Amino acid sequence: MTSPFPRLHGLALAAVASATLLACGGSDDVFNVKPAGIGALHTQHHDGGGDDLLTAGLGAAGLASAVPPTYADPLQPTAAELRRAAIYNSYRALVDTTAAGGYGLFYGPGVAADGTPGSGDGKVAGTETIAFTDDGSGRENVTLMVQVPDSFDPARACIVTATSSGSRGVYGAISTGEWGLKRGCAVAYTDKGTGSGAHDLRHDTVPLIDGTRATAASAGAQAAFDAGLNPAELAAFNAATPDRLAFKHAHSGRNPEKDWGRHTLQAVRLALYVLNERYGELNADGRRRVRLDAGNTLVIASSVSNGGGAAIAAAEDDRHGLIDGVAVAEPAIEMPANAGVAVQRGASLVPVSGRNLIDFTSHANLYQACAALAPSQATAPFGAAFAGLYNNPALPIAANRCAALAQRGLLTGATTAEQAENALQRLRDYGWEAESSVLQASHAAFEISPAVAVTFANALARARVSDHLCGFSYAATATNGSVTALAPVLLAGMFATGNGVPPSSGVNLVNNRAAQGPARDFLSFNAQGVADWNLDGALCLRELVTGNSASATRLQAGMRETQRNGNLRGKPTLIVHGRDDALLPVNHTSRPYAALNRKVEGTASRLSYIEVTNAQHFDGFIGLPAVLPGYDSRYVPLHLYLNRALDAVYEHLRNGRPLPPSQVVRTTPRGGTPGSAPALAAANVPALAASPAAGDAIGYAGGNTIVIPD
């Protein structure tokens, strides 16, 4: 079996061929066999007019519209309506869809694969196949999906993975899938065992694979997620804590993150199966011969955020040579403890680096609300609004958090201003770059750190919803913060509007231990009658990382299961990351991982790390100038650099063009007035350099230290 790709490993391909032949009884004919564990396949063709693979019939203009798709019956949306709304919301969650931000000019459905703008509405005709993969328990039910555009050419076969970002559903990385669909590649998606649909415990209804809902009894093993409480447990739970919801990422009890690489590889295998069912020669007895395999199909693992981390995990786990290259943006990479690597920026070593997500996020959860009040960041996006909302005289919860931390000896300073500056410094000391300081206020306002910390803590500790880990639960809340029933219309559409990590779709984070009774987390009072943004809950989450309680022991074991080893098996890889990222700081993720890969693979490493200045984690926030003015004037779209990384890896694999070396890409912010920044221009977003200037080149020292230019 000969590879058409210049640098593909022949031994790995031979191993795949051998394994496939053995699976088919050693015959000279290799027949197409559905991968083990895959359930019933549901396939539909989308004509590229009223419906399509990329925009669900909305077109480029429809995705950019501020008016979302509607349902004929909002209480009972159809599967097709939910799909359209899920694609709309998932795309906009990851991409700035404003024209001034570059949509329609540098990226987006209306921009052709070669970068030519104004190339139509971007609709892509093709087939979409969706299925569950399960381990036999009926409890895993990870969603896999394959999109095959009508333009797919088996003579130039390619597959791109688009594993969902965050805790979203299977359409959660549709903006990554866009790159592949434009080039005629099949796209392999998975929700990686997360997903946005909740188990409504009060009414005992669950989401199905298509987003519609059913009773848990009628859904049975076809539920996308069931919290797994028996009737007696469910009755007791609802009596003690009514109106709660369970979410799959947090409450599956399976620590899904440990399997994100495996799920990504399963999506690739399903894609090959689907392609061979379509393009394989039909034998006389009705079986399809395998036409496309790892030897003649180019496969690039890609995605963003923890979907990007899943792509890295898949590359490390890929023992059969399914993946040819990797191109990811802002990946959530869990570093091993005591990795033996270091990060240097300029002439200074970074004192704290390479911590796991639950570690640095639980640290952020302690300090971020206080740090948001730092006078040095008074002009930060949403900074003034944050102070007005959360530090007003009637309920100064952010200042109360500062004071409570100081009382416990966790901050210094006699005034709120001094304490806030110290909180900000403690974030910097723990690995956040100074450039990310301006983002702490908006992240705190959106409750990003507590949301992520609670979800991942539950997942890593394999907690059940009935455990109420650290006293947290999920429910709708009233204006005063008290728990209330979720509006049925919000539950009906949650597959499309939810992100799987509350606060989301009307569901909020609840402190069950609040002095006033269960209440929304940041509005809850402690035992002394003070609203301090639930410091006790934040300290409990932190203990799970640093302590030795039974729950901490479970969490720390789960954390070890998710850690990467740095061995990419020689695969050409491009990682792009924004220097200003405040959610997944570069010092804890991409920088130390690049150092680990170099330490493990040495000169055989084919990883290039691209760090983009004036880029941060949430491109979608740039597209909200009325809500978050200042993101538009300060930040460039990292999504554009993911597309360029995919271009570079594709050209390397297909045509042998060298990958750009590791470098800092120095962009120029749009500037102007926050909220009405001038349009993004080519000068703002320079290309990846084939030979970066000496002051931009990222290098290595001593075999274990990555050196990042200032």
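The values are calculated or read from the model by the stated rules, or taken from the named source; none is laboratory data. As the structure is a prediction and not an experimental result, all values here were calculated from the model. Using ideal geometry, Cβ is built from the backbone for each residue, glycine included, and neighbour counts are taken over all protein chains shown. Accessible surface is based on the protein model in full, side chains and every heavy atom, while ligands, DNA and RNA are left aside. Shrake-Rupley method; radii C 1.70, N 1.55, O 1.52, S 1.80 Å.
Quick notes on this one:
- FRET efficiency, ALA79 to ARG202 (Cβ-Cβ, R0 35 Å, nearest 0.05): 0.90
- Local electrostatic count at VAL206 - Lys and Arg +1, Asp and Glu -1, tallied over other residues with Cβ under 13 Å: 0
- Alpha carbon centroid spacing (whole Å) that separates region 472-520 from region 301-349: 34
- When the charge dipole of the chain is built from unit charges on Cβ atoms (+1 for Lys and Arg, -1 for Asp and Glu) and taken about the Cα centre, the candidate among LEU410, ALA538, ALA374 whose Cα reaches farthest toward its positive end is LEU410.
- Simple spin-label estimate for ALA690 and ALA61 gives 4.0 nm between the two label positions (7 Å along the Cα-to-Cβ direction from each Cα).
- Within straight-line cross-link reach of LYS34, lysines at Cα separation under 30 Å, skipping those fewer than 8 residues along the same chain: LYS123, LYS182, LYS192, LYS248, LYS258, LYS571
- Here region 160-237 and region 565-640 have alpha carbon centers that stand 27 Å from each other.
- Value of relative contact order over the chain, rounded to a whole percent, pairs C-alpha under 8 Å and six or more apart: 15
- Only Lys, Arg (+1) and Asp, Glu (-1) charged, at Cβ; the chain dipole about Cα centre in debye: 900
- Among beta bridges from DSSP that stay inside the chain, the antiparallel ones total about 60%.
- Ordered by 1.4 Å accessible area with all protein chains kept, HIS468, HIS639, HIS42 run largest first as HIS42, HIS468, HIS639.
- Taking the average, over residues, of other Cβ atoms within 10 Å as the packing measure, peptides 614-622, 173-181, 92-100 rank 173-181, 614-622, 92-100 from highest down.
- Here region 270-372 is assigned +1 on the Cβ of each Lys and Arg and -1 on the Cβ of each Asp and Glu. Its dipole about the Cα centre then comes out at about 100 debye.
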